[in-house]
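Student: Mind having a look at this structure? Questions to follow.
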Amino acid sequence: MPIDPVTTDPKGEACRPGCSPELVAACNTPALAKGMDVYEDQLALDPWYVTGLTEGEGCFCVSFAVRPKMRTGLEARPSFSLSLNERDRDLLQGLQQFFGCGWIRESRSDRTFKYEVRSAANLTASVVPHFEQHPLRGNKARSFAGFAEVCRMVRQGDHLTREGMSDIVNIAYEMNLGKRRYPRAALLRTLGEVKG
């Protein structure tokens with residue numbers, strides 16, 4: 001009866017001296033660690049692995065830009081990103097495939113690559129549901145909760161009113177994000193200056 005040597009023993013290690021049958025799977029592990037199956041197709045990432053990777057290397061951000069010509073005078077820009085060393089670019093491509101959206105760009109200053117999603121539609125359709133089904137457990141869980149709320153508010157148009165944008169600013173400034181370009185008071189003052 002013929003067997004498929006590719007799937008049963010991809011490296012021919014069962015016949016190699018010194019490799020007992022119990023260790024065949026262990027001997028084959030490096031081939032699987034590359035994220036490829038035996039037919040050279042990229043393996044889908046495990047959802048919990050994506051959550052863990054994000055816990056360590058990801059960022060949920062809501063940034064703001066002053067835009068006098070916009071209805072509220074402000075633009076809210078939620079984004080999800082994850083940066084890795086250039087050697088792990090394949091992993092970022094796996095993330096892009098996993099979420100089905102976003103793009104990858106190079107940061108030459110620190111030789112990293114960044115996977116990023118900025119579309120409110122993509123964030124609410126793919127990114128937010130993933131982290132609600134496979135929740136973060138560390139400090140980033142708090143940032144994600146605010147981020148998810150802001151994404152939904154932007155998606156439903158709350159950012160187009162002064163009251164809605166004011167709520168978005170306050171939620172975003174409660175997230176754990178470090179230094180910001182504009183102080184909260186300056187953004188709220190901009191909203192107060194908008195007529196109409």
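Student: Name the single residue that is surrounded by the fewest Cβ atoms within 10 Å (Cβ to Cβ) among those in the range 61-91 being of a type in the set (A, V, I, L, M, F, W, C) and free of Cβ contacts under 8 Å to residues at least 24 places away in the same chain. Walk me through it before giving the result.
Tutor: Within the range 61-91, the first condition is being of a type in the set (A, V, I, L, M, F, W, C), and the residues that meet it are 61-62, 64-66, 70, 74, 76, 80, 82, 84, 91.
Filter once more, so that each one left must be free of Cβ contacts under 8 Å to residues at least 24 places away in the same chain: 65, 70.
Values: 65: 11, 70: 14.
Among them, the one singled out is 65.
Student: Being in a loop (DSSP other than H, G, I, E, B) and farther than 15 Å from residue 51 by Cα is the requirement here; does residue 101 meet it?
Tutor: Yes: the conditions hold for residue 101.
Student: Could we say that residue 34 is within 30 Å of residue 191 (Cα to Cα) and modelled with pLDDT under 95 here?
Tutor: Details: within 30 Å of residue 191 (Cα to Cα): no; modelled with pLDDT under 95: yes.
No.
Student: A further question follows. Would you mind stating whether residue 125 is surrounded by fewer than 18 Cβ atoms within 10 Å (Cβ to Cβ), assigned by TED's automatic domain parsing to the domain that holds residue 56 and either in contact with a Lys or Arg (Cβ under 6 Å, 6 or more places away or on another chain) or hydrophobic (A, V, I, L, M, F, W, C) (or both)?
Tutor: yes
Student: Quick one: in the range 97-120, which of the residues that are out of contact with any Leu (no Cβ under 7 Å at 6 or more places or on another chain) and in contact (Cβ under 8 Å) with a residue 40 or more places away in the chain is surrounded by the most Cβ atoms within 10 Å (Cβ to Cβ)?
Tutor: 120
Student: Pick out the one residue from 52, 56, 94 that is loosely packed, with under 12 Cβ neighbours inside 10 Å, part of a helix (DSSP H, G or I) and not polar (S, T, N, Q).
Tutor: Step by step, each of 52, 56, 94 is checked, and only 56 is loosely packed, with under 12 Cβ neighbours inside 10 Å, part of a helix (DSSP H, G or I) and not polar (S, T, N, Q).
For every residue, the table says whether it meets (1) modelled with pLDDT of 95 or more; (2) surrounded by fewer than 18 Cβ atoms within 10 Å (Cβ to Cβ); (3) in contact with a strand residue (DSSP E or B) (Cβ under 9 Å, 6 or more places away or on another chain); (4) under 30 Å from residue 95 (Cβ atoms).
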{"position": "144", "(1), (2), (3), (4)": "yes, no, yes, yes"}
{"position": "147", "(1), (2), (3), (4)": "yes, no, yes, yes"}
{"position": "151", "(1), (2), (3), (4)": "yes, no, yes, yes"}
{"position": "176", "(1), (2), (3), (4)": "no, yes, no, yes"}
{"position": "181", "(1), (2), (3), (4)": "no, yes, yes, yes"}
{"position": "194", "(1), (2), (3), (4)": "no, yes, yes, no"}
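Student: Tell me which of these residue 188 doesn't satisfy, since it passes every other one: (1) touching a residue at least 24 places away in the same chain (Cβ under 8 Å); (2) hydrophobic (A, V, I, L, M, F, W, C); (3) over 30 Å from residue 84 (Cα atoms).
Tutor: Looking at each condition in turn, residue 188 falls short on (1).
Student: List the number of the failed condition for residue 109; all other conditions in (1) at pLDDT below 95; (2) more than 25 Å from residue 182 (Cβ to Cβ); (3) of a type in the set (Gly, Ala, Ser) hold.
Tutor: Answer for residue 109: the failing condition is (2).
Student: Let me ask another. Considering only the range 138-170, how many residues are within 20 Å of the chain's Cα centre (by Cα) and within 16 Å of residue 79 (Cα to Cα)?
Tutor: 16
The values are calculated or read from the model by the stated rules, or taken from the named source; none is laboratory data. Computed from a prediction, not measured in an experiment: that's the story for all the values here. In this analysis, Cβ positions are derived from the backbone assuming ideal geometry, glycine residues included, and neighbour counts consider all displayed protein chains.
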